[in-house]
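The values are calculated or read from the model by the stated rules, or taken from the named source; none is laboratory data. Nothing here was measured: the structure is a model prediction, and the numbers come from that model. Backbone-built Cβ (ideal geometry, glycine too); neighbour counts: all protein chains shown. Remember, those area values only see protein heavy atoms, side chains included, never the ligands or the DNA or RNA. Shrake-Rupley method; radii C 1.70, N 1.55, O 1.52, S 1.80 Å.
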Amino acid sequence: MKRSKTVTVGELLDEFFQRPYVAAKVAEGRLRDTWREIVGPAADAETTELRLENHILHVRIRSSILRNELFYQREALGAEINRRSKIRLVNAVIIR
């Protein structure tokens, strides 16, 4: 087998992580950190559950006041998560 072009390990890793399936799994793994960055540490402390199923983000909040506030911002939250993860990870946000 003849080598036509040498490729660095960094280039191989970049190519691997740009694949849609891999990028989605990496973004899903970073979802908790992304959530903390968007809503802040106080709201993150009140978050008891954060799970992603079929591109729907399910969020459970202890505080009723915070839950109501985030309920009105759910579309903006989904858009910000998608922007930060650089892929369409979340289609809808359900806050309970």
Original post:
Based solely on its DSSP helices, what 222 nm [θ] is calculated for the chain when runs of n ≥ 4 H residues each add -39,500 (n - 2.57) and the sum is averaged over all residues, nearest 500 deg cm²/dmol?
Top reply: -16000 deg cm²/dmol
Original post:
Which whole-number percentage describes the relative contact order of the chain, with Cα contacts under 8 Å and a sequence gap of 6 or more?
Top reply: 26 percent
**OP:** For the chain, give the magnitude of the charge dipole about the Cα centre (Cβ charges: +1 Lys/Arg, -1 Asp/Glu; no others), in debye to the nearest 20.
**Re:** 360 debye
**OP:** Place +1 on the Cβ of every Lys and Arg and -1 on the Cβ of every Asp and Glu in the chain, take the dipole about the Cα centre, and give the residue among 8, 92, 54 whose Cα lies farthest towards its positive end.
**Re:** 8
Original post:
Could you work out Rg/(2.2 N^0.38 Å) for the chain, with Rg from alpha carbons only?
Top reply: 1.39
**OP:** Treating the angle as unsigned and between 0 and 90°, give the value, to the nearest 10°, between the Cα long axis of helix 74-85 and the longest Cα principal axis of the chain.
**Re:** 20 degrees
Original post:
So what is the accessible area of the range 25-96 per residue, in Å², with the probe set to 1.4 Å?
Top reply: 63 Å²
